[in-house]
Amino acid sequence: MRVIIEKNYEFMSKRAAEVIAEQIREKPDSVLGLATGFTPLGTYKELIGMYKKEGLDFSRVTTFNLDEYYPIPSTHPQSYHYYMQKEFFKHININPDHTYIIDGLVKDVKAFCRWYEEEIKKVGGIDLQLLGIGRDGHIGFNEPGSSLGSRTRIKILDAATIKDNARFFGKKEDVPKYAITMGVGTIMDAKYCLLLASGSDKSKVLTKAIEGPITAQVTASILQMHKDLLVIADEKASRDLKNKEYYQHIEKLTEELKTLTIEE
Ligand code: GLP
């Protein structure tokens, strides 16, 4: 696990976009796992800028979104379909046939979830999974108590998540009570995970996730077991981290170490 602390949301977003861009430059047909919510908005904005200014090429990239509310039509302004088009896809040269987002109205949920997992496998798995963290410690919509080995499936949302997401829907009653989400196990299969956290309201939960015990009560904590995890947090979100100084010390020495060793 590597932890980078940036001074604010803008710098966090720039750094995250640089990591994703590097992945695409190295492997133009990369498979990206994408997230929604407020946190990755700045990252998408930066990537759009890189496409427009530097010609960062998305034409061979495939994407799989983490989750979608249920039931919700893709035309609903709060659906993750709508979000992805509005905030990212319509601004870049991605092939729409290569963008997979969970169907929020599917009837045969089990068959759909099996299909989603199969499609991920068919393209060789996710190279880089972008993640935010929910206030209850969830990744995707893997609420507290989710099996740490779970696969894509339908979940009943936690009361705290419904309350939290009311900011997008206007009122609590309008927030869907269910969601279809990649499982914790699906996320852990990604070759590389990039977890972003911004703002003081994420500082406690980020600390639990990366420095606390691994528990299904904070599903993000399983990321401590991931073989290649990068956490990028801003100052506010890193406020409660106990090992903050050590992470900063590592960052300084990592650059120096690069001059001494040969990288693959
Ligand atoms: C939702 C999404 C998560 C996201 C979380 C945090 O619950 N399902 O993938 O990480 O919200 O959202 P925000 O980035 O707005 O804090």
### Task
Please list the radius of gyration and Dmax for segment 170-238, considering alpha-carbon atoms only, with Å as the unit.
13.8, 40
### Message
Need one word for segment 168-208: rounded, prolate or oblate. Basis is the Cα gyration tensor (sqrt eigenvalues a ≥ b ≥ c); a/c below 1.5 gives rounded, then a/b vs b/c decides.
### Response
oblate
### Among THR152, VAL218, ILE126 the positive-end extreme of the charge dipole of segment 117-233 (Cβ point charges)
VAL218
### Summary
Here the relative contact order (percent) of the chain, from C-alpha pairs under 8 Å and at least 6 apart, is 24
### Task
Counting only DSSP beta bridges with both residues in the chain, tell me the antiparallel percent, nearest 5.
30
#### Entry: segment 9-117 pair-distance distribution - Cα-Cα, 10 Å bins, rounded %
14, 46, 30, 10, 0
### Cα extents of segment 87-214 along the three principal axes, largest first (Å)
37, 35, 34
### Message
Exceeding 22 Å between C-alpha atoms, which entries from my cross-link table qualify? They are LYS53/LYS202; LYS7/LYS172; LYS107/LYS163; LYS53/LYS122; LYS52/LYS90; LYS121/LYS258.
### Response
LYS53/LYS202; LYS7/LYS172; LYS107/LYS163; LYS53/LYS122; LYS121/LYS258
### Query
Listed highest first by mean packing, meaning other Cβ atoms within 10 Å per residue, what order do 52-62, 25-35 come in?
25-35, 52-62
### Summary
Over the Cα atoms of the chain the radius of gyration and the largest Cα-Cα distance (Dmax), both in Å, equal 17.7, 58
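Under the rule a/c < 1.5 gives rounded, and otherwise a/b versus b/c splits prolate from oblate, where does segment 10-71 land using the Cα gyration tensor?
Values: a/c = 2.08, a/b = 1.26, b/c = 1.65.
Oblate is the answer for segment 10-71, as a/c is 1.5 or above yet b/c matches or exceeds a/b.
Read the figures in this text as sums done on the coordinates, not as results from a lab. Since the model is a prediction, treat every value here as computed from it, not as a measurement. Glycine gets a Cβ as well: all are built from the backbone with ideal geometry, and neighbour counts include every protein chain shown.
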